[in-house]
1. Taking segment 273-304 as the search range and keeping residues that are within 16 Å of the ligand (Cβ to nearest atom) and open to solvent by 20 Å² or more (accessible area, probe 1.4 Å), which one is farthest from LYS260 (Cα to Cα)?
2. Listed residues LYS386, LYS352; which is in a strand (DSSP E or B), more than 11 Å from the ligand (Cβ to nearest atom), open to solvent by less than 40 Å² (accessible area, probe 1.4 Å) and of a type in the set (Lys, Arg)?
3. For segment 400-408, does any single residue satisfy the condition of being on the phi < 0 side of the Ramachandran plot, modelled with pLDDT of 95 or more and assigned to a loop (DSSP other than H, G, I, E, B)?
4. Name the single residue, out of those in segment 8-53 being without any contact (Cβ under 8 Å) to a residue 60 or more places away in the chain and of a type outside the set (A, V, I, L, M, F, W, C), that is surrounded by the fewest Cβ atoms within 10 Å (Cβ to Cβ).
5. For segment 65-72, does any single residue satisfy the condition of being within 17 Å of GLY399 (Cβ to Cβ) and open to solvent by less than 20 Å² (accessible area, probe 1.4 Å)?
6. Within segment 157-166, track down each residue that is surrounded by 14 or more Cβ atoms within 10 Å (Cβ to Cβ) and in contact (Cβ under 8 Å) with a residue 24 or more places away in the chain.
7. Inside segment 52-82, can you point out the residues that are over 22 Å from ALA295 (Cα atoms) and among the hydroxyl-bearing types (Ser, Thr, Tyr)?
8. Would you mention how many residues in segment 455-486 are assigned to a loop (DSSP other than H, G, I, E, B), under 32 Å from the mean Cα position of the chain (by Cα) and touching a residue at least 60 places away in the same chain (Cβ under 8 Å)?
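The values are calculated or read from the model by the stated rules, or taken from the named source; none is laboratory data. Predicted model only: the values in this text are computed from it and were never measured. Backbone-built Cβ (ideal geometry, glycine too); neighbour counts: all protein chains shown. Each accessible area value is taken on the protein alone, full model and side chains, heavy atoms only, with ligands, DNA and RNA left out. Shrake-Rupley method; radii C 1.70, N 1.55, O 1.52, S 1.80 Å.
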Amino acid sequence: MKIRAAKGLTFDDVLLIPQRSSIASRQQVDTSSPLTENIRINIPIVSANMDTVTETAMAIAMANAGGIGIIHRFMPVDMHVKQIKLVKRAQAVMVENPYVISLDATVVQACEMMKRNDVGGLIVLDESRVVMGIITMRDVNLAPSDREFVRQVMTGRDRLITAKPGITVDEARALLYEHRIEKLPVLNADGTLKGLITSQDVLKPVQNPFAALDEKGRLRVGAAIGVTRGELDRAAALLEVGADLLVLDIAHGHADHCIKMVRALRQQFPQAQIVAGNVASREGARELAEAGASAIKVGIGPGSICTTRIVTGFGVPQLTAIMDSVEGVSESGRDIPVIADGGIQKAGDIVKALAAGAQTVMIGSMFAGTEEAPGSPVIRDGQKVKVVRGMASLAAAMGRRAIERGQDESAEDSEDWMKVVPEGVEAVVPYRGNIGEVLHQLVGGLRSGLSYGGAHNIKELQEKAEFIEITAAGIFESGSHDVKRI
Ligand code: XMP
């Protein structure tokens, strides 16, 4: 047995000492940061892989704002793949696999397909997959009733405006404008379909200049995976459809099976970005870094819905956990980022986590109340609220039991729910409107924080940071006090 002499500190235990600043405007600072070894995002904020926080809508909104969402893993693989695909299609300058239909399909079939997939047009192909035309909802709606087949209603190849692979966004915009059209099929030299550019797609980069994009101009998105049998197959399927990173979702990441999984993933997918965790110690971070992780996720029990520390007695206050893990990564000799996961309740907590050495933060419950989080708001005691639940809560365990049973009989979570020992709770959080507004406040706070830190960017914030430990009186003084809030 050993007792560590130093105190464990968390966000509210400290403040940052203001530093001399040459920053005249908050717009001058750079909020971009590495998420993993090879991926940089424009705001250092990640939405948590929880089933009440991140699915498609949240992932799209996060990436559009410059951060990223990690889609949780508590769904069958095909649904997980579909969600990643939807994010990837949301803002590609060119959609790679647009919806297509054959010449001989009926107009009714075309209409159904457009409605089912929520698109306004389909590319018409012959049996050799050569493009023969395009059919849009407008064609369907205006078609005389005796025109039954797609070939009779579509805009045929002779009148179709098309582009060649390699067309730039500006060239595409000019063509769409010149011909006053909404859709521009991109054709290979042999006339087969390469992709589709829509007017919405060329406008989005202008609307979201900060968006986190991959090398093909698509929104970035991550996906969580577990360590049980079959998860390597899930990983392969997710990477195949373009997931930018995989996040190993394990409560206690400093464990043999987690280290083994990192090695297995690294061996099978040498180029993949793999986030490993969660850990809260120098040794844990070092060993996962040595096993080949591309980033380390830190946090044992700081989350608002976590009861791990109460139930097991284990955990490290989050600020100390971040500092220790950063040291552990550095001991490994690898230059990979740390993600501070859990316990972020205020913009100032983000600034403190970054100043302590994390490169990004992961947020759960603060985002669970937004419009983009899964689930609808409900009224509780006259207030609009949304539900958030710990992924180790009883409700979450019961909810996913059927899915896991179906997929993997050996899954350790598939025991009778009566025997589950929860390490998380289910709760409600106030409804907060769109995530964009919440992010605006958080990023605004971060920009101000960088300016108080005399830092033009997050690296400089870390280099100059000086924390001071405060007392309960200091905490009291830090909030609004001695006034009646209205
Ligand atoms: P916040 O504070 O942002 O934390 O809501 C989100 C993080 O909490 C972790 N998490 C859990 N931890 N029991 C735990 O001990 C749980 O049931 C649980 N569910 C989520 C997770 O790391 C998440 O990102």
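1. SER304
2. Values: LYS352 fails: in a strand (DSSP E or B).
When all the criteria are applied, what remains is LYS386.
3. Step one: list which residues in segment 400-408 are on the phi < 0 side of the Ramachandran plot, which gives 400-408.
From the residues that got through so far, the ones that are modelled with pLDDT of 95 or more too are none.
Scanning segment 400-408, I find no residue that is on the phi < 0 side of the Ramachandran plot, modelled with pLDDT of 95 or more and assigned to a loop (DSSP other than H, G, I, E, B), so the answer is no.
4. Initially, segment 8-53 is screened for residues without any contact (Cβ under 8 Å) to a residue 60 or more places away in the chain, giving 24-25, 40.
With the extra rule that they be of a type outside the set (A, V, I, L, M, F, W, C), the set shrinks to 25, 40.
Details: SER25: 8, ARG40: 14.
So, considering only residues that are without any contact (Cβ under 8 Å) to a residue 60 or more places away in the chain and of a type outside the set (A, V, I, L, M, F, W, C), the one surrounded by the fewest Cβ atoms within 10 Å (Cβ to Cβ) is SER25.
5. Residues of segment 65-72 within 17 Å of GLY399 (Cβ to Cβ): 71-72.
Of the ones still in play, those that are also open to solvent by less than 20 Å² (accessible area, probe 1.4 Å) are 71-72.
Looking for residues that are within 17 Å of GLY399 (Cβ to Cβ) and open to solvent by less than 20 Å² (accessible area, probe 1.4 Å), one finds at least one in segment 65-72, hence yes.
6. Once the filter is applied, which keeps residues that are surrounded by 14 or more Cβ atoms within 10 Å (Cβ to Cβ) and in contact (Cβ under 8 Å) with a residue 24 or more places away in the chain, segment 157-166 yields ARG157, LEU160, THR162, ALA163.
7. Listed by number, the residues that qualify are THR52, THR56.
8. The total comes to 4.
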